[in-house]
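J.: Sharing a structure here in structure tokens format.
The values are calculated or read from the model by the stated rules, or taken from the named source; none is laboratory data. The shown structure was predicted, so the numbers you read here are calculated from the model rather than taken from an experiment. As a convention, Cβ positions derive from the backbone with ideal geometry for all residues, glycine included, and neighbour counts pool all protein chains shown.
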Amino acid sequence: MPKTRMVCFVCLCCLLVASLASARMISKHNPYESAITKGRSKIWQAINNGKCGSATAAIMVAGRIVYAEGFGMANREKSIPVGAATLFNIGSISKVYVATSIMLLVDDGSVSLDQPVTDYLPEFRMADDRYKKITVRMLLNHTSGIPGTEGSNSFGFKYDDDVKRETINTLARAHLKHDPGAMTVYCNDGFTLAEMIVERMSGGKYIDFLHKRIFKRLGLKDTGTGVGEIKGKPVALYYDSKGRIHPVETLSVLGAGGLSATAVDLCRFVDSFSAENKLLKKASLAEMRKAQPSAFAGKLKNPELSFGLGWDLTGLPRYDAAGIQVLGKSGGTGNYSSMVFTVPEKRISVAVIAAGRESGAMNIALDMIDAVLVEKKLIPEKEKASLIPPRTQKLPPDHSIFSGYYASQNKLAQVVFDTDKNNAILYGFKEKEKTPAMTLVYSDGYYHDAEGNRFYFINTGKEIYFVNHVTMAKVDMIGMQKIKPLEKPKNLKIDMDGKIWLRRNVAPFESIMSVDSHFVKSLLYKELPGYVFFLGFKRIDSPEFAGMPFEAIRDQTELTLFEKDGAAWAWVSDLLYSPAGSAVSLKPGENSVKIGGYGYNEWLVTNEDMVLNFTKPKGGRIIIFSSDDVTIYDSALDTGDAFAARGSYIESAGLANDVFTVRARPVTAEEKR
């Protein structure tokens, strides 16, 4: 055979083999390919955009893992990629585990959901008699009215079991923000109390209960405490936007958010809600799968998030319309973000976890579960919506009652209406500087921004709320609450306007995320007499105390002033502060800093530009803040000498009796040039 014919023949054979292989691949179509492709695309997009450094995802169907994959590097220094067995912190998904633990105790007959918490934790008290009406159920469905989150040292690089005692101590001087059962407002501390109930009623450590009653039974070999406590298993490390590796994260609040897992193990866990006796008996399983609404339910225009026991949602309108129930829970820590969905009747589950707080794990997991359900013809494919600018309509007649100041957790906003343009301008504040944040056009009962988001105002007769309609999920969420003008505004005993406060109860292992709470400025606004801004807005109730003004805002705190060392100090719930004047002036040369018997961190202040170097005890930490509250050095991340401009503050955090040495050299005139 001539050489050219031979080449043609070989090519023809190759094309035939390729064609047959392609046909075989088509005949073996992967029904999850669309979900996998969407997940991969969005995860890599998040990694490439710097929203996260690595991630993992999994899909489980009918008890079988049909897809599991890791993305990015778990350890860049050692070039270790993320695999299906790499552990990530799962944050608040941990809440479903403690809710399940409570239901196992219900099945055992040792706990009742509607009994008061004090029946199981008699040491639990609050400075508000309504606390006696808080039931176990209210801890698990976010309706207790408890202020929010024990923030002191609960997130960090080391497990600290003392956080439970601190939570009890903090709540003993706290009030409720609403009547128990009145509203659903996200609350972490309720789950720490639930964790304590599990320990009290089981007679052992919470993590041991999980291992015995849940992990072992479901074969969850890659679920446990936070990644900072894990030894001998691969973990995904967190790198910030500068490429710096952070200390491996541990959360001490295991029930509220302290567990780690793989995406595969998350799917295995939530699949247990598909049938009775996998973990729970029939009645308890039904309780875990149903919505747990508050008395406020039904007062917004559209459905709210349907919180369950531990779950963020027990359904979504798009799936409800097709007769498909979906359970879902998100998680977020200082370094990780996560989302898990399960459709219990169909035994379909999807999990996504990422190293990075802004990964978009929730949207990625929702796109993946949606694609699986579409492929299985359980729901119709979502129509791609076009962004059509709304037709501007005349403002409603009652719009004027909605003008004024609003607040969320730590933010202030002002709403101003323009009747000529039929719009509303939402102003944001950076301290007292006001700038336009959004222009909202009124149309068909909603206020629309330029990106297609919709908002509205609601007046319940008692309170006014600014509500966000989440188009993707077709649910409403209260975003802000209006600040009420006070008839007889009160003042605190000291002038709080522009005052700098230094945090004093910082453990050296506290998270990088919490550094923002170390150096804080309090503010007064002349337009809002009777209120003080100090880690969020507070209503001044007496010369020494300012309480929570809002019933619908999460993670609020209360302010108590007291005298110490001849100066006014402050408790902001569980955070302790002294005034900036308590900082000791840094001298040129060697400065010795000793942590006192109470373990309070110490502060120095520079009176001129200095170059600093440090000797610190094992586990000790030094953080430097500029005079305008920018963190310029943190020994948990940074090494070597540090420059501190005049007016900078140097924080030394350690254990009682630890000694630090701070060497300071003034910057020379030549160096300044």
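J.: In the set Q556, Q481, which member is over 29 Å from G597 (Cα atoms) and out of contact with any strand residue (DSSP E or B) (no Cβ under 6 Å at 6 or more places or on another chain)?
T.: One residue alone meets the criteria, Q556.
J.: Related question: Here are some residues: D370, D420, D398. Which one is crowded, with 22+ Cβ neighbours inside 10 Å, more than 30 Å from T149 (Cα to Cα) and not polar (S, T, N, Q)?
T.: Within the list D370, D420, D398, the selection yields D370.
J.: Take the residues of the stretch 72-91 that are assigned to a strand (DSSP E or B) and out of contact with any Gly (no Cβ under 9 Å at 6 or more places or on another chain): which is surrounded by the fewest Cβ atoms within 10 Å (Cβ to Cβ)?
T.: I80
J.: Given (1) of a type in the set (D, E, K, R); (2) crowded, with 22+ Cβ neighbours inside 10 Å; (3) part of a loop (DSSP other than H, G, I, E, B), where does K384 come up short, assuming only one miss?
T.: Just one mismatch for K384, condition (2).
J.: Hey, among G323, G356, G328, G310, which residue is surrounded by 17 or more Cβ atoms within 10 Å (Cβ to Cβ) and over 28 Å from M183 (Cβ atoms)?
T.: From the options G323, G356, G328, G310, the qualifying one is G356.
J.: Would you check if there is a residue in the stretch 438-456 being assigned to a loop (DSSP other than H, G, I, E, B), over 30 Å from G53 (Cβ atoms) and more than 30 Å from the chain's Cα centre (by Cα)?
T.: For the stretch 438-456, residues assigned to a loop (DSSP other than H, G, I, E, B), over 30 Å from G53 (Cβ atoms) and more than 30 Å from the chain's Cα centre (by Cα): present.
J.: Check every one of the helices (runs of 4 or more DSSP H) wholly within the stretch 242-341 and list those with 1 or more residues that are under 19 Å from C52 (Cβ atoms).
T.: 254-257, 263-271
J.: If S94 passes every condition in (1) within 20 Å of the chain's Cα centre (by Cα); (2) in a loop (DSSP other than H, G, I, E, B); (3) not aliphatic (A, V, I, L, M) but one, which one does it miss?
T.: Checking S94 against (1) within 20 Å of the chain's Cα centre (by Cα); (2) in a loop (DSSP other than H, G, I, E, B); (3) not aliphatic (A, V, I, L, M), the one that fails is (2).
J.: Considering every residue within the stretch 274-281, establish whether at least one is aliphatic (A, V, I, L, M) and under 26 Å from the mean Cα position of the chain (by Cα).
T.: No, the conditions are met nowhere in the stretch 274-281.
J.: Could you tell me which of the residues T314, T333 is closer than 22 Å to Y159 by Cβ, touching a Gly at 6+ places or on another chain (Cβ under 8 Å), of a type outside the set (A, V, I, L, M, F, W, C) and assigned by TED's automatic domain parsing to the domain that holds G190?
T.: Just a single option satisfies the conditions, and that option is T333.
J.: Another question about this same structure. Suppose we keep only residues that are of a type in the set (D, E, K, R) and outside any helix (DSSP H, G or I) within the stretch 109-156. Which one would you say is nearest to A174 (Cα to Cα)?
T.: D128
J.: Same structure, new question: Regarding V441, is this residue closer than 26 Å to Y531 by Cα, crowded, with 16+ Cβ neighbours inside 10 Å and either outside the structural domain of D312 (by TED's automatic domain parsing) or among the aliphatic types (A, V, I, L, M) (or both)?
T.: No.
J.: Take I425 and decide whether it is closer than 30 Å to M496 by Cα and in contact with a helix residue (DSSP H, G or I) (Cβ under 8 Å, 6 or more places away or on another chain).
T.: no
J.: Given the structure, is P489 over 30 Å from G654 (Cα atoms), at pLDDT 95 or above and assigned to a loop (DSSP other than H, G, I, E, B)?
T.: yes
J.: Name the residues in the stretch 375-402 that are under 30 Å from the mean Cα position of the chain (by Cα) and at pLDDT 95 or above, would you?
T.: Passing the criteria: only F402.
J.: Going by the structure shown, is D189 surrounded by fewer than 18 Cβ atoms within 10 Å (Cβ to Cβ) and outside the structural domain of Q409 (by TED's automatic domain parsing)?
T.: No.
J.: Test V584 against the criterion of being within 30 Å of N491 (Cα to Cα) and buried (at least 18 other Cβ atoms within 10 Å of the Cβ), and give yes or no.
T.: no
J.: Looking only at the stretch 212-239, filter to residues that are part of a helix (DSSP H, G or I) and more than 25 Å from the chain's Cα centre (by Cα); which one of those is surrounded by the most Cβ atoms within 10 Å (Cβ to Cβ)?
T.: So, considering only residues that are part of a helix (DSSP H, G or I) and more than 25 Å from the chain's Cα centre (by Cα), the one surrounded by the most Cβ atoms within 10 Å (Cβ to Cβ) is R213.
J.: Another question, if that's okay. Looking only at the stretch 603-621, which residues are surrounded by fewer than 21 Cβ atoms within 10 Å (Cβ to Cβ) and either modelled with pLDDT under 95 or not hydrophobic (A, V, I, L, M, F, W, C) (or both)?
T.: Matches in the stretch 603-621: N607, E608, D609, N613, T615, K616, P617, K618, G619, G620.
J.: Any residue at all in the stretch 417-428 that's under 29 Å from S306 (Cβ atoms) and assigned to a loop (DSSP other than H, G, I, E, B)?
T.: no
J.: Now for a different question. Can we say R391 is in the same structural domain as I47 (by TED's automatic domain parsing) and basic (K, R)?
T.: Judged against the criteria, R391 is not a match.
J.: Scan the stretch 627-640 and give yes if some residue there is without any contact (Cβ under 8 Å) to a residue 40 or more places away in the chain, surrounded by 14 or more Cβ atoms within 10 Å (Cβ to Cβ) and over 24 Å from G156 (Cβ atoms), otherwise no.
T.: Scanning the stretch 627-640 turns up at least one residue that is without any contact (Cβ under 8 Å) to a residue 40 or more places away in the chain, surrounded by 14 or more Cβ atoms within 10 Å (Cβ to Cβ) and over 24 Å from G156 (Cβ atoms).
J.: Is it the case that E166 is out of contact with any helix residue (DSSP H, G or I) (no Cβ under 9 Å at 6 or more places or on another chain), part of a helix (DSSP H, G or I) and outside the structural domain of A636 (by TED's automatic domain parsing)?
T.: yes
J.: Out of the stretch 488-521, which residues are crowded, with 18+ Cβ neighbours inside 10 Å and of a type in the set (K, R)?
T.: Within the stretch 488-521, K499, R503, R504 meet the criteria.
J.: If you check G219, G228, G204, which single one turns out to be in the same structural domain as S359 (by TED's automatic domain parsing) and either within 29 Å of K177 (Cβ to Cβ) or without any contact (Cβ under 8 Å) to a residue 12 or more places away in the chain (or both)?
T.: From the options G219, G228, G204, the qualifying one is G204.
J.: Hey, another quick one. Return the only residue of K421, K411 being over 30 Å from A297 (Cβ atoms), outside the structural domain of L523 (by TED's automatic domain parsing) and out of contact with any Lys or Arg (no Cβ under 6 Å at 6 or more places or on another chain).
T.: Step by step, each of K421, K411 is checked, and only K421 is over 30 Å from A297 (Cβ atoms), outside the structural domain of L523 (by TED's automatic domain parsing) and out of contact with any Lys or Arg (no Cβ under 6 Å at 6 or more places or on another chain).
J.: Restricting the stretch 39-71 to residues that are more than 30 Å from A275 (Cβ to Cβ) and in a strand (DSSP E or B), which is nearest to the chain's Cα centre (by Cα)?
T.: Only one residue tops the list, namely S54.
J.: If you don't mind, another one. Name every residue in the stretch 578-621 that is of a type in the set (D, E, K, R) and not in a loop (DSSP other than H, G, I, E, B), in order of residue number.
T.: E590, K594, E602, R621
J.: If you don't mind, there's one more thing I want to ask. Pairs please, first residue from the stretch 371-400 and without any contact (Cβ under 8 Å) to a residue 40 or more places away in the chain and more than 30 Å from F417 (Cβ to Cβ), second anywhere and surrounded by 10 or more Cβ atoms within 10 Å (Cβ to Cβ) and among the β-branched types (V, I, T), Cβ atoms under 8 Å, 6+ apart in sequence or on different chains.
T.: Listed pairs, sorted by first residue: E381/V374.
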